[in-house]
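Right, one structure below, let's go through it.
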Amino acid sequence: MFREKELSDSPFVIAEVGQNHQGDLDIAREYIRIFAFEGADAIKFQTRNNRFLFSQEAYEASYASENAFADTYGAHREKLELKPEWLSILKEDCIKHGVKFMSTPFDEPSLELLKKIDVDILKVASFDLGNLPFIHRIASLGKPVVMSVGGGKIDQIRSSVEVLLNHHDEVAILHCVSEYPCEYNRLGLDNIEVLIEEFPGCAIGSSDHFNGTLSGPVAYLKGARVFEKHVTLNRAWKGTDHSFALEPEGFRKFVRDIKRVRHMMMPKPADDLGSERVFKKLGKSLVAYADIKAGERFTLENLSGRIFNMQYIPVRESNQVVGRVAKRNVSKGEPIHYSDLED
């Protein structure tokens, strides 16, 4: 999936739902249906065991925010989690809609849960970059792994990639800036080229929190082939990620424009140049600007161009005519034919 020869120039696009499903199974299933239709290759969720992940103090800390779903941080998180029994339902929906089921485990119990339902792709969040014990456990399942490197230094990235590659080579490394949202002038997409040079055995991509679509095509031009983009069904919904996520129409354009980039690079076949429909209709043909006698040379002064119902010698081919000798008398305004030219 993420091996270079398999990915080639084809982009792989991940719709990151995260917790934008608001802890509602029906909404989560709707994300799969809609964003599979809009072009995603994988739909990604997040999986947490909050009692394991947070200390009791952190779990019970008060949480006063306009985006809070409960008064304490732990209870807030619980409101936004997918129930373990829902995961198999979501995976079946992904199979039905022809996309990969992907999730980020934030802790070991969640990783075990994803192992049981046979998740298709695992994600290492930027928060766990350099967390070598956990990365080792993730990679040991043998599943394709995508890892974001937001906030990471190069030695942390190298050591994390080394652990992943000790298990298998289906690894994608995503350039990421851990700012939510990320302004356009903070995207740092040049770093994609650094990652490509540093990790030639891995697929390289981009995970961005920019609220527009231009980042995708630009990242592709930099060499990215795996793309992760936050998605939402409604940017106005309560929650921290909705405001910079793409709604369905925005995501459709994001995927469309990334896939168009490679086709924009190929030059037009030389045989097609000049035969475009507009030139056949409105292209000028060479004519005599003044009377030209047999034996006289065609020059810059005695030639011009004119539009006819059919095309004779196109004016763009005047370099093939200037300096040649006329075989016959050509009247002013009359089109020039190649048969009028001395060899």
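General observations
- Selected residue (only one of Asp155, Asp118 is in the same structural domain as Glu81 (by TED's automatic domain parsing) and in a loop (DSSP other than H, G, I, E, B)): Asp118
- Of residues in region 214-240 being farther than 16 Å from His175 by Cα and of a type in the set (Ser, Thr, Tyr), the one modelled with the lowest pLDDT: Thr240
- Number of residues in region 73-127 that are at positive phi and without any contact (Cβ under 8 Å) to a residue 60 or more places away in the chain equals 1.
- Residue in region 193-204 that is closer than 17 Å to Arg158 by Cα, under 10 Å from the mean Cα position of the chain (by Cα) and assigned to a strand (DSSP E or B) present: no
- Test for Asp257: is it modelled with pLDDT of 90 or more, farther than 30 Å from Lys222 by Cα, touching a Ser or Thr at 6+ places or on another chain (Cβ under 8 Å) and of a type in the set (Asp, Glu): no
- Ala224 being outside any helix (DSSP H, G or I), within 16 Å of Leu129 (Cα to Cα), in the same structural domain as Ala15 (by TED's automatic domain parsing) and not polar (S, T, N, Q): no
- Any hit, region 262-272, residues being in contact (Cβ under 8 Å) with a residue 60 or more places away in the chain and in a helix (DSSP H, G or I): yes
- Unmet criterion (only one of (1) closer than 30 Å to Gly216 by Cα; (2) surrounded by 11 or more Cβ atoms within 10 Å (Cβ to Cβ)) for Pro267: (2)
- Between Ala75, Ala70, Ala40, Ala61, the distinction of being buried (at least 19 other Cβ atoms within 10 Å of the Cβ) and of a type in the set (Gly, Ala, Ser) belongs to Ala40 only.
- Among the candidates Ser339, Ser318, residue that is without any contact (Cβ under 8 Å) to a residue 40 or more places away in the chain, in a helix (DSSP H, G or I) and over 45 Å from the mean Cα position of the chain (by Cα): Ser339
- Looking only at residues of region 273-297 that are among the hydrophobic types (A, V, I, L, M, F, W, C) and part of a helix (DSSP H, G or I), we find that the one that is modelled with the highest pLDDT is Leu282.
- Some residue of region 172-191 being surrounded by fewer than 20 Cβ atoms within 10 Å (Cβ to Cβ), in a helix (DSSP H, G or I), within 22 Å of the chain's Cα centre (by Cα) and modelled with pLDDT of 95 or more: yes
The values are calculated or read from the model by the stated rules, or taken from the named source; none is laboratory data. On a predicted model such as this, the values are computed, not experimentally measured, just so you know. All Cβ positions, glycine included, derive from the backbone under ideal geometry; neighbour counts span all protein chains shown.
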